[in-house]
Amino acid sequence: MGRLRGRAQDERGFTVIELVVSMTILATVLGGISSMLASGTTSEARLQKRFQSLNELSVAMSTLKREVHRACQLNSNPTTPVANVAVVVIDLPPGDCASTFTTITWCVTGGTLKRIVGNSADCSAAGTTYAREITSATPFTYTPCNYPANSYTLARLSVDITARVPTGASNDAFRWVDTFAFRNSARSAAPTC
């Protein structure tokens with residue numbers, strides 16, 4: 001019995017210095033892990049916003065492309081190029097280009113890309129907002145058919161649009177550049193189509 005009592009007295013616990021050192025190491029490791037988790041969560045949120053903005057613009061461009069391919073011309077049917085405009089008005093035929101048209105307006109106003117059924121040259125009518133945070137005020141350029149002369153080209157609508165991603169970073173933006181042909185416009189040597 002005396003031996004057990006002596007043995008129990010010889011066993012000591014941790015010193016205060018050992019406890020402080022081990023707690024400091026543990027706090028440092030846990031701080032690093034929580035910092036990595038917070039950084040990952042922030043990056044994931046930023047990527048979600050970027051994906052959403054890109055997806056909005058992708059749907060808008062897909063819809064615009066489909067409508068331009070169906071259309072015969074712009075509503076005003078200019079015979080010379082019209083560069084850097086904020087509003088394009090497209091005539092969509094229900095069948096052939098000799099029928100009654102449905103007019104569609106695409107415009108950028110107040111940082112949004114809108115589609116309006118009807119002619120709204122000032123973009124004031126109610127419509128569907130397709131994309132937000134647009135920084136290009138005049139993204140559309142129209143080139144009429146057969147321009148330059150005797151080129152026998154279809155009429156084209158070029159889009160050069162930049163959208164800011166609402167992540168808080170001032171340089172977080174992307175640019176969409178594309179050209180769509182008015183497939184129902186005529187290829188002729190005449191100045192008008």
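Numbers below:
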| read-out | value |
| --- | --- |
| Matching residues in segment 148-171 - criterion: being at negative phi and either exposed (fewer than 15 other Cβ atoms within 10 Å of the Cβ) or modelled with pLDDT under 80 (or both) | Pro148, Ala149, Ser151, Pro166, Thr167, Ala169, Ser170, Asn171 |
| Thr100 vs. criteria in a loop (DSSP other than H, G, I, E, B), at negative phi and out of contact with any Ser or Thr (no Cβ under 6 Å at 6 or more places or on another chain) | yes |
| Cβ-Cβ under 6 Å pairs, at least 6 apart or on other chains, segment 69-85 side farther than 15 Å from Thr138 by Cβ, far side open to solvent by 50 Å² or more (accessible area, probe 1.4 Å) and among the charged types (D, E, K, R) | His69/Arg183 |
| Residue within segment 62-77 that is under 16 Å from Thr179 (Cβ atoms) and among the small types (Gly, Ala, Ser) present | yes |
| Candidate set from segment 42-75 (those that are more than 16 Å from the chain's Cα centre (by Cα) and basic (Lys, Arg)); member that is surrounded by the most Cβ atoms within 10 Å (Cβ to Cβ) | Arg70 |
| Segment 170-181 residues that are touching a residue at least 60 places away in the same chain (Cβ under 8 Å), paired with ones that are surrounded by 16 or more Cβ atoms within 10 Å (Cβ to Cβ) and among the charged types (D, E, K, R) (beta carbon under 6 Å, 6 or more apart) | Phe180/Lys65; Ala181/Arg156 |
| Flag if Ser124 is at pLDDT 85 or above, farther than 17 Å from Thr179 by Cβ and assigned to a loop (DSSP other than H, G, I, E, B) | yes |
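Quick grid of which residues meet (1) outside any strand (DSSP E or B); (2) surrounded by 14 or more Cβ atoms within 10 Å (Cβ to Cβ); (3) modelled with pLDDT of 85 or more:
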site: Asn77; (1), (2), (3): yes, yes, no
site: Asn84; (1), (2), (3): no, no, yes
site: Pro94; (1), (2), (3): yes, no, no
site: Val108; (1), (2), (3): no, yes, yes
site: Leu113; (1), (2), (3): no, yes, yes
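The values are calculated or read from the model by the stated rules, or taken from the named source; none is laboratory data. Not measured: the values here are computed from a predicted model. Methodologically, a virtual Cβ is constructed for each residue, glycine included, from the backbone with ideal geometry; neighbour enumeration extends over all protein chains shown. Quick note on the areas: whole protein, heavy atoms, side chains included, nothing else; ligands and nucleic acids left out. Shrake-Rupley method; radii C 1.70, N 1.55, O 1.52, S 1.80 Å.
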